[in-house]
Amino acid sequence: MKQPLLWIHGEALGPTNPALLAHPDRPAVFVFDEALIRRQAISLKRLGFLYESLLELPVTIRQGDVAQQVLACACQHGCDGVVTTDGVDPQFKRIHGAIARELPVVVLEPESFVDLETPPDLRRFSRYWRQAESLVWQGY
């Protein structure tokens, strides 16, 4: 893959995103999942946080079906594949699979924030934080 599109998602928002670091000169896209927004599965606070975080990154922001929008953006930029970072959200595999049916996808491993003994509870950040907080502050 010589001309990838970078798919940035909500689990790797930041300037140290492995895809952004590996390909700083390539176009990047973040897609607000229209179905989640319509079902109000994402709070307004979370949407605001995501949007403010994205404003600090070199990404194009779209809304709609994530796989369709990533593929459309790749076509628009003449990309021959997609590079992204791994995610634990179950939707990640579904979206990844839909994109991979059309274009090759390379998934980079992000550096782990903390190593949890059990899989994280992804329904609310506060539940995740209760699992992670003591590990984060262990060395301080």
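Structure data summary
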item: Ranked list, fewest to most other Cβ atoms within 10 Å of each Cβ, for H77, H9, H23, H96; result: H77, H23, H96, H9
item: Backbone HN-Hα couplings from phi across the stretch 56-63 [Karplus 6.51/-1.76/1.60, Hz, Gly and Pro as x]; result: 8, 10, x, 10, 8, 9, 10, 9
item: About the Cα centre, charge dipole magnitude for the chain (Lys/Arg +1, Asp/Glu -1 at Cβ), debye; result: 500 debye
item: Length added when fully stretched, D86-R26, from 0.36 nm per residue minus Cα-Cα; result: 19.8 nm
item: Exposure proxy ranking, count of Cβ atoms within 10 Å, fewest first, for I99, I8, I42; result: I42, I99, I8
item: Nitroxide proxy distance, nm - points 7 Å out along Cα→Cβ at R127 and A100; result: 2.6 nm
item: Distance between modelled label sites at E56 and C75, nm, 7 Å Cα→Cβ extension; result: 3.5 nm
item: Whole-Hz couplings from phi, Karplus 6.51/-1.76/1.60, listed for the stretch 35-40; x for Gly and Pro; result: 5, 5, 5, 4, 7, 6
item: Nonlocal amide H pairs with L57, under 5 Å, H built at 1.01 Å; result: none
item: Residue-span extension gain [D115 to W137] - 0.36 nm each, minus C-alpha spacing; result: 6.6 nm
item: Cleavage-rule hits (GluC sites (Glu not before Pro)) in the stretch 37-140: DSSP loop, at most 16 neighbouring Cβ within 10 angstrom; result: E56, E102, E111, E117
item: At 1.567 mPa s and 4 °C, Stokes diffusion of the chain via Kirkwood alpha-carbon radius, µm² per second; result: 81 µm²/s
item: ³J(HN,Hα), Karplus 6.51/-1.76/1.60, whole Hz, each residue of the stretch 89-95, x for Gly, Pro; result: 4, x, 5, 4, 4, 5, 5
item: Euclidean distance between Cα centres, the stretch 83-122 to the stretch 54-80, Å; result: 17 Å
item: Likely footprinting exposure, T60, T85, T118, fewest C-beta neighbours within 10 Å first; result: T118, T60, T85
item: Range of Cα positions in the stretch 26-109 per principal axis (Å), largest first; result: 35, 26, 24
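Read-outs: derived from the displayed coordinates by stated rules, not from any lab. All values reported here derive from a predicted model rather than from experimental measurement. In this analysis, Cβ positions are derived from the backbone assuming ideal geometry, glycine residues included, and neighbour counts consider all displayed protein chains.
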